[in-house]
Every structure is written in structure tokens, then in C-alpha cells.
1. So Ala72 fits all but one of (1) among the hydrophobic types (A, V, I, L, M, F, W, C); (2) more than 24 Å from Gly112 (Cβ to Cβ); (3) modelled with pLDDT under 95; (4) in a strand (DSSP E or B); what number is the exception?
2. Please work out which residue is farthest from Val45 (Cα to Cα), limiting yourself to the range 119-139 and to residues that are more than 17 Å from the chain's Cα centre (by Cα) and among the hydroxyl-bearing types (Ser, Thr, Tyr).
3. Within the range 94-118, track down each residue that is of a type outside the set (Val, Ile, Thr), exposed (fewer than 14 other Cβ atoms within 10 Å of the Cβ) and modelled with pLDDT under 95.
4. Residues Ser155, Ser150: which one is closer than 23 Å to Ser75 by Cα, modelled with pLDDT under 95 and hydroxyl-bearing (Ser, Thr, Tyr)?
5. Which of the residues that make up the range 147-163 are part of a strand (DSSP E or B), in contact (Cβ under 8 Å) with a residue 24 or more places away in the chain and out of contact with any Lys or Arg (no Cβ under 8 Å at 6 or more places or on another chain)?
6. Yes or no: Val156 of a type in the set (Val, Ile, Thr) and either under 14 Å from the mean Cα position of the chain (by Cα) or not assigned by TED's automatic domain parsing to the domain that holds Ala52 (or both)?
7. What number goes with the only condition from (1) at pLDDT 95 or above; (2) more than 15 Å from the chain's Cα centre (by Cα); (3) under 21 Å from Val121 (Cα atoms) that Val60 does not pass?
8. Hey, among Val87, Val69, which residue is over 21 Å from Ser152 (Cα atoms), out of contact with any Ser or Thr (no Cβ under 7 Å at 6 or more places or on another chain), assigned by TED's automatic domain parsing to the domain that holds Val166 and of a type in the set (A, V, I, L, M)?
Amino acid sequence: MLSKTSFARRVALASAALTGLALLGSAPAQAAAQAATPVCDNVCVLDVRSGAHADFDRVVIDLAGGRPVTRADESDSPSYVLPSGDVKDLQTPGSSYLFLGLQGAGIVDTTGKKVYTSPDVVATNLSAVKGVQRIPDSEGQVDFGLSLGSHSRYSVFTLTAPDRIVVDVYR
């Protein structure tokens, strides 16, 4: 039978060993997480996602490496102008359109690998946001067009940890 002192010593040693194993296991996991984060000359635009909430629809643009300067312009027209001067229309119809310009952003990392993982055109089944489309970007800027349904207003803001741009479109 073990004495109380001997038992306590064994529990302390086992606890120390488990803590050591946990610390060893977390170092590779932390290194893998850091290696998975892309490095871009500008802010990396990773993907776009959307969802419905009680009073609004939300579009989130996930980023890495900071937050770009963001411009938002609402329009009655789905038309946009490419850097080449060509005029195109957003593919998803809406009753109005919101164009976002992310200045200081890109979709490729420093090795030239594309880091943007979402499709270029995402039709949604939401009431206020009908679709999101990545517009072919110009140097140092990524643009998106949102096709909107009936809505009262919108709000564009940024969040951190992780970095992202959020667009709330209120019904």
C-alpha cells in the first residue's frame, strides 16, 4: 500500500508528464496553424460566406493579414467597369446592388498561389441578399458586388480575431 506522500508524489509526477506531453503537442499544432495562414503583399481575401439572421442578412468576407480600406456604393444598376474598360453586369439579378471595393487587398499569396477559396459567383437563398460576386480585381484591390432584394438599409464594418469585413443588409 502506498503512503499518502508517495501517492501524492506519483500524482504530481503523472500530472507533470501529461502537462509536458500537452505542451509538446501544442507546439506543432501552433506551427501548423501559423504555416496555414497565407502571407500576401496586401491583405489576403480568403473567402465569402452569408447567412440569415432575425432582422437582416449577413455577408462576411474572411481576411488574413489585416483589414483593407473598404468602400461601399449602392446602385440601381448591376453594371460595373473592369480595369480594361469593359462594362459587365452582375450575374445574379436583384432590385438594387451594393458594390464593395477592398483597397490594399488581393486573392493570391506572395508565391502566386490563389488563396481565395469561394466561387466567384455565389447565389444565396436569402431575402435581402440574392447573391455575392467577386468582380475581377485590379492591382491592389478586390471588388465584390452584392445583388440585393428588398431591404431598408445596410451596414459595413470590420471585426478582428480573425479579421473580416461584415455587411449586414436589413430587411
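The values are calculated or read from the model by the stated rules, or taken from the named source; none is laboratory data. These figures come from a predicted structure and were not determined experimentally. Reconstructed Cβ throughout: ideal geometry from the backbone, glycine too, with neighbour counts over all protein chains shown.
1. That leaves (3) as the condition not met.
2. Applying the filter and picking the extreme gives Ser127.
3. Gly112, Lys113, Lys114 - these are the residues of the range 94-118 that are of a type outside the set (Val, Ile, Thr), exposed (fewer than 14 other Cβ atoms within 10 Å of the Cβ) and modelled with pLDDT under 95.
4. So the residue among Ser155, Ser150 that is closer than 23 Å to Ser75 by Cα, modelled with pLDDT under 95 and hydroxyl-bearing (Ser, Thr, Tyr) is Ser150.
5. Tyr154, Val156
6. Here the answer is yes, as Val156 does meet what is asked.
7. (2)
8. None of the other options fit; the residue is Val69.
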